[in-house]
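Take a look at the structure set out below.
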Amino acid sequence: MPARGYIEINADKCKGCGLCISFCPQKLIRFSEKFNTKGYHPAEFHDPQKRCIACGFCYQMCPDSAITVYRFKGVTQNV
Amino acid sequence: MIKEMFLKKPKSLSEKEFTYCPGCHHGIVHRLIAEVIDELNIREKTIVVAPVGCSVFAYEFFYLDGTVAPHGRAPAVATGMKRALPDRIVFTYQGDGDLAAIGTAEIIHAANRGENITTIFINNAIYGMTGGQMAPTSLIGMKTTTTPYGRDPKKDGYPIHVCETLQNMKGVAYLERLTVSSPQEVIKAKKSIRKAFEAQINQIGFSLIEVLSTCPTNWGMTPVEAIKWLKENMVKEFPLGVFVDKTKGVN
Amino acid sequence: MSEKLMVKGTEAIAEAAIRAGCRNYFGYPITPQSELAEYMSRRLPQVGGTFLQAESEVAAVNMVYGAASTGKRVMTSTSSPGFSLMQEGISYIAAAQLPCVFVNVVRGGPGLGDIQPAQSDYFQATKGGGHGDYRLIVLAPSTLQEAVELTYLAFDLADEYRNPALILADGLMGQMMEPVEFPEFRDLKTLPKHEWALTGCNEREPNKVTSFNIDPYELEKMNKVYQEKYLRIIKKEKRWENYMTEDAEYLFVAYGTMARIIKTVVRKAREEGIKAGLFRPITLWPYPYEELHELSEKVGFVLTVEMSAGQMIEDVRLAVSGRTKVFFYGRTAGVIPTPNEVLEELKKKIGMVKV
């Protein structure tokens, strides 16, 4: 099944709280090994198998509005 | 494949980065308020009144006209604004120390007058900005920097219940306690915040949303642990639900 | 100007405020000025204004903050203990540079004190009763006609300088009746437009009204703005009255109700051949230091008379700067000195100086 969408994380806005990681139902977000400008390990989107369902849970839980969610048009949405 | 932006930072949030600690729920609630203001198309007539506490900068975080009130006085400041400009939308954003300790008189009287304003009340059971002291809403037995042996009701009194206190006031139009501790709860919370603002738009009276929130830093937990603690402890002391809803039947 | 009307002091101030374009009043009852609030509650709805009885002076001053931040003319009135409660909000209002008008009808203190006329809130009014480096424009009328004119002026000064102004009256002025001529109603459309006001950011960038800046260098910049403004006010807005001072050998300094009584003392003294005069500051801040200094060089001594234990005398001493002797006479707790007792005091001091 193709991905229904993807997310972008503004790494410099991210404070590495991990809420998006813990609430992603597909487990597609992880902590980056790099540091951001604030000194946090920011969240990092990792979806090699294109399993993102664009549910937006990560966006909903992000306290810093660091996540933008994109949906692909024409892919069935049934979240 | 054509992509479309599905969810992104709302316009009613400014470009300023939040000064909150990692995982703090203030940021989630800020975004929900901004989304509601965007969706109701009221950004250009809305004024925010920030409190004193962690969210003292809230007036900078919203892309709205705004001010910061003296500690606890936001409902009085908002009252003055609303009386001077009745067709504008005015909301206060207050924490538990601000609203339920030093500002108790102001919130009770604004509610009782049915002041046509909206209050977003963040209850995380602790003073954040000043470094984790006991709040009026701290739980029994909760250790804080001023209750190092745990909150003792004999000495420190009991957690104050704001919604239960305000629910019998005739001026209240909408009153709900909720959390933003899961994506489902966040989506639900947004609908409630929207209702609160609609109560003001429709001039039904005073509206308040109490958000049980985490303070991972001062609770000494990770953001994920803090959510678990909130669900297991705070929700027990402060039951969730709609306490007053006079919006039914009003469009 | 219209015909003369017989009115009570509190009502004269209230009506003058309405004529100056004030359409918002927030207050809390306290003797001896509750009639001002009562008058507003009756009158404001007639002119499309808002009257709200707050739950406390603390709430009232913050309602003033809110209404003032929208750029509308707004006022509150209170008496000493209530004015103390307002100090927190006044400091915020001064720092956020919000124009508004306060009326303090001073009563005997400290503490709950009593409800009689006094002048013991001078320090609080002129030196900043709240925290931080700020100033109020303080106007001290001594007749009801002057109270009307200064109230009218207070709104204009507040707007011009983006600064709170205070009418410092006392219980005697609040309760007495006098014929008064009122100024015309200000056309609300002609009132100054404030581009900083919080009105909703319709087709502009958001406005922020604040007394807060966490960065000390930025906060210092804000403080410099206040201080530069205060200097402009000092330069332009000092007001005072010289009464029979041209040939005066002995100079009284008094303000408000006390100055009114001293005018009688001056006339009585002159009937007895004593050349007395009165210097009456009308603005207590900015204080007319130089003008008093100039006069003090020409007299045998200065006698400051206050309905307090001696507060303005500190400014009198600053003004006189040792050029002549400065004496004090005062009654506290709401006791009003009579002309005869002040005249006796004057004679006593003359005797002391001659010996």
- Message: Quick test of your reading of the structure: B:M5 fulfils all but one of (1) farther than 30 Å from B:A125 by Cβ; (2) assigned to a helix (DSSP H, G or I); (3) within 13 Å of chain A (Cβ to nearest Cβ). Name the failing condition by number.
- Response: (2)
- Quick one: is B:G23 in a loop (DSSP other than H, G, I, E, B) and in contact (Cβ under 8 Å) with a residue 12 or more places away in the chain? yes
- Would you mind listing the helices (runs of 4 or more DSSP H) fully within the range C:1-77 where at least 1 residues are acidic (D, E), in contact with an Asp or Glu (Cβ under 8 Å, 6 or more places away or on another chain) and open to solvent by 30 Å² or more (accessible area, probe 1.4 Å)? C:9-19, C:34-43
- Message: I'd like the residue in the range A:28-75 that is closer than 23 Å to B:C21 by Cβ and among the small types (G, A, S) and, out of all such residues, is farthest from the other protein chains (Cβ to nearest Cβ).
- Response: A:S32
- So which pairs qualify, if the first residue must be in the range C:296-318 and on the phi > 0 side of the Ramachandran plot and assigned by TED's automatic domain parsing to the domain that holds C:K347, the second must be open to solvent by 10 Å² or more (accessible area, probe 1.4 Å) and outside any loop (DSSP other than H, G, I, E, B), the Cβ gap must be under 7 Å, and the two must be at least 6 apart or on different chains? C:G310/C:F328; C:G310/C:G330
- Quick one: is A:Y70 part of a strand (DSSP E or B) and of a type outside the set (G, A, S)? yes
- Could you identify the single residue in C:T31, C:T76 that is within 14 Å of another protein chain (Cβ to nearest Cβ) and either of a type in the set (S, T, Y) or without any contact (Cβ under 8 Å) to a residue 24 or more places away in the chain (or both)? C:T76
- Item | Selection within the range B:62-72 - farther than 24 Å from B:R194 by Cβ and open to solvent by 10 Å² or more (accessible area, probe 1.4 Å) | B:H71
- Message: Looking at the range C:320-339, can you tell me whether even one residue there is out of contact with any Ser or Thr (no Cβ under 8 Å at 6 or more places or on another chain), in a helix (DSSP H, G or I), surrounded by fewer than 22 Cβ atoms within 10 Å (Cβ to Cβ) and in contact (Cβ under 8 Å) with a residue 40 or more places away in the chain?
- Response: no
- Just checking, how many residues over the range B:106-142 are modelled with pLDDT of 95 or more, aliphatic (A, V, I, L, M), under 17 Å from the mean Cα position of the chain (by Cα) and surrounded by fewer than 24 Cβ atoms within 10 Å (Cβ to Cβ)? 1
- Item | Scan of the range C:185-237 for residues that are open to solvent by less than 40 Å² (accessible area, probe 1.4 Å) and basic (K, R), ordered by number | C:K229
- Message: Against the definition (more than 14 Å from chain B (Cβ to nearest Cβ) and in a helix (DSSP H, G or I)), how does C:K189 come out, yes or no?
- Response: yes
- Enumeration of residues in the range C:97-145 that are closer than 25 Å to C:D159 by Cα and without any contact (Cβ under 8 Å) to a residue 24 or more places away in the chain: C:K127
- How many residues does the range C:340-355 contain that are over 26 Å from C:G171 (Cβ atoms), charged (D, E, K, R) and in contact (Cβ under 8 Å) with a residue 24 or more places away in the chain? 2
- Filter the range B:221-251 down to residues that are open to solvent by 30 Å² or more (accessible area, probe 1.4 Å) and at pLDDT 95 or above, then give me how many there are. 18
- Give the residue that is nearest to the other protein chains (Cβ to nearest Cβ), with candidates limited to residues of the range B:32-64 that are without any contact (Cβ under 8 Å) to a residue 40 or more places away in the chain, more than 23 Å from C:E88 (Cβ to Cβ) and out of contact with any helix residue (DSSP H, G or I) (no Cβ under 8 Å at 6 or more places or on another chain). B:E44
- Filter the range B:73-95 down to the residues that are over 18 Å from B:I193 (Cβ atoms) and more than 8 Å from chain C (Cβ to nearest Cβ), then identify the one that is surrounded by the most Cβ atoms within 10 Å (Cβ to Cβ). B:P86
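The values are calculated or read from the model by the stated rules, or taken from the named source; none is laboratory data. Everything quoted here is computed from the prediction, not taken from an experiment. Glycine gets a Cβ as well: all are built from the backbone with ideal geometry, and neighbour counts include every protein chain shown. Ligands, DNA and RNA are excluded from the accessible area calculation, which covers all protein heavy atoms including side chains. Shrake-Rupley method; radii C 1.70, N 1.55, O 1.52, S 1.80 Å.
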